[in-house]
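Chemist: Before I ask anything, let me first share the structure, which is written out below as structure tokens.
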Amino acid sequence: DAGVIQSPRHEVTEMGQEVTLRCKPISGHDYLFWYRQTMMRGLELLIYFNNNVPIDDSGMPEDRFSAKMPNASFSTLKIQPSEPRDSAVYFCASSSQGAGANVLTFGAGSRLTVL
Amino acid sequence: GEDVEQSLFLSVREGDSSVINCTYTDSSSTYLYWYKQEPGAGLQLLTYIFSNMDMKQDQRLTVLLNKKDKHLSLRIADTQTGDSAIYFCAEISNRDDKIIFGKGTRLHILP
């Protein structure tokens with residue numbers, strides 16, 4: 001398996017533009033998590049899915065953020081409109097509860113810069 | 001709510017032992033984890049411990065868990081330059097499946 005695949009790796013956009021980040025989890029994993037990493041706040045959990053269903057989105061900062069998981073192999077995190085304070089590295093991670101310890105496998109991250 | 005705290009920086013001489021500490025608040029945590037993040041990369045699992053264990057050893061890594069004090073530590077023996085990274089402590093609650101991370105401890109290796 002190629003691991004968790006995220007795209008794009010880097011995105012630079014202007015304030016007000018729509019940003020879509022994509023994630024392909026590991027095949028067979030039933031959990032998918034979106035995290036945001038900044039120097040100030042560290043690693044924040046934004047939302048997670050179980051079997052494609054959003055379970056907890058309490059970490060999503062505002063209505064400008066939305067996430068979907070239309071099928072078991074794809075998820076998107078959308079920011080519309082984007083603001084400079086959204087600049088961060090966004091990580092997707094997947095796991096399988098059946099494995100017991102629910103160990104996360106992270107993607108390489110998408111570095112977003114909003115000018 | 002859940003909270004995981006760790007110091008932000010640690011400097012250690014090459015060859016010495018590194019000890020990274022973490023405290024957590026959720027007494028229902030079932031598993032506690034240590035992840036490592038190298039520059040420009042995602043987090044990778046180093047090791048984890050089940051909450052009914054006190055200690056786990058894996059080669060140069062030793063994890064100690066004090067459940068009464070909600071304190072977790074990671075000891076890296078014979079620290080090498082390749083150990084330079086950010087180390088994250090994390091917990092998963094028995095109540096839900098959220099995995100909450102600390103802010104990470106940046107380990108700096110001195111020559």
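Chemist: Would you please report the Å³ per residue occupied by the convex hull of the alpha carbon atoms in the range A:1-108? Before the final figure, lay out the partial values.
Modeler: Values: hull volume 10.7 nm³, N = 108.
Output value, Cα hull per residue: 99 Å³.
Chemist: Per residue, how big is the convex hull of the range B:1-65 when only Cα atoms are used? Give it in Å³. Don't skip to the answer; put the middle values down first.
Modeler: Details: hull volume 7.7 nm³, N = 65.
Each residue corresponds to 118 Å³ of Cα convex hull volume.
Chemist: With just the Cα atoms defining each centre, how far is the range B:46-83 from the range A:76-115? Give it in Å.
Modeler: 26 Å
Chemist: Probe radius 1.4 Å, ligands and nucleic acids left out: which of B:THR25, A:THR38 has the largest accessible area, and how do the rest follow? Each step should come with its number before you reach the end.
Modeler: Working: B:THR25 75, A:THR38 35 Å².
So the residues, ranked largest to smallest area, are B:THR25, A:THR38.
Chemist: Here's something else I'd like to know. Taking K and R as +1 and D and E as -1, what net charge do the other residues with C-beta under 13 Å from the C-beta of A:SER110 add up to?
Modeler: Working: positive: A:ARG9, A:ARG22, A:LYS24, A:ARG36, A:LYS78, A:ARG111; negative: A:GLU11, A:ASP86.
So the surrounding residues net to +4.
Chemist: So, one more: Just which residues of the range A:71-115 lose 40 Å² or more accessible area with every protein chain there, against their chain alone, with the probe set to 1.4 Å?
Modeler: The answer is A:ALA101, A:ASN102, A:VAL103, A:LEU104, A:PHE106 - residues whose exposure falls by at least 40 Å² when every protein chain is included.
Chemist: Same structure, new question: Let me confirm one metric for peptide B:15-25, namely the mean number of other chain beta-carbon atoms within 10 Å of its residues' beta-carbons. Can you show the working numbers first?
Modeler: Numbers: counts 0, 0, 0, 0, 0, 0, 0, 0, 0, 0, 0.
Per residue, the number of nearby Cβ atoms from other chains is 0 on average.
Chemist: Shifting gears a bit: Pull up the cross-link candidates among the aspartates and glutamates for B:LYS70, meaning alpha carbon to alpha carbon under 16 Å and not fewer than 8 places away within one chain.
Modeler: Hits, sequence-local ones excluded: B:GLU2, B:ASP3, B:GLU5, B:ASP26, B:ASP54, B:GLU91.
Chemist: Report the paramagnetic label zone for A:ASN71: residues of the range A:21-50 whose backbone N is under 14 Å from a point 7 Å from Cα along the Cα-to-Cβ axis.
Modeler: Only A:24-25, A:27-28 fall inside the zone, counting backbone N under 14 Å.
Chemist: Compute for the protein assembly as shown: radius of gyration divided by Kirkwood radius, i.e. Rg/Rh, restricted to C-alpha atoms, rounded to two decimals.
Modeler: 0.97
Chemist: With a 1.4 Å probe, what is the total accessible area buried between chains B and A, in Å² rounded to the nearest 100? Please list the in-between numbers first.
Modeler: Values: alone 6360 and 6310 Å², together 11050 Å².
Counting protein atoms only, the buried area is about 1600 Å².
Chemist: While we're here: Can you work out the PRE-style zone for A:SER27? Point 7 Å along Cα to Cβ, and I want the residues of the range A:74-115 with backbone N under 17 Å.
Modeler: Counting only backbone N, you get A:74-75, A:94-96.
Chemist: Which lysines have a Cα less than 29 Å from the Cα of B:LYS67, not counting those fewer than 8 places away in the same chain?
Modeler: B:LYS36, B:LYS56, B:LYS98, B:LYS103
Chemist: Using the basic label-point model (7 angstrom from Cα toward the beta carbon), what is the B:ASP16 to B:GLN57 distance in nanometres?
Modeler: A separation of 2.3 nm, rounded to one decimal place.
Chemist: Next question, about the same structure. Rounded to the nearest angstrom and ordered from largest down, what semi-axes does the equivalent ellipsoid of chain B get from its C-alpha gyration tensor (root of 5λ)? Mind showing how you got there, number by number?
Modeler: Values: eigenvalues 111, 43, 27 Å².
Ellipsoid semi-axes (Å, largest first): 24, 15, 12.
The values are calculated or read from the model by the stated rules, or taken from the named source; none is laboratory data. It should be emphasised that the depicted structure is a prediction, and the values quoted were computed from it without experimental measurement. Methodologically, a virtual Cβ is constructed for each residue, glycine included, from the backbone with ideal geometry; neighbour enumeration extends over all protein chains shown. Heads up: the accessible areas ignore ligands, DNA and RNA and are worked out on the full protein's heavy atoms, side chains in. Shrake-Rupley method; radii C 1.70, N 1.55, O 1.52, S 1.80 Å.
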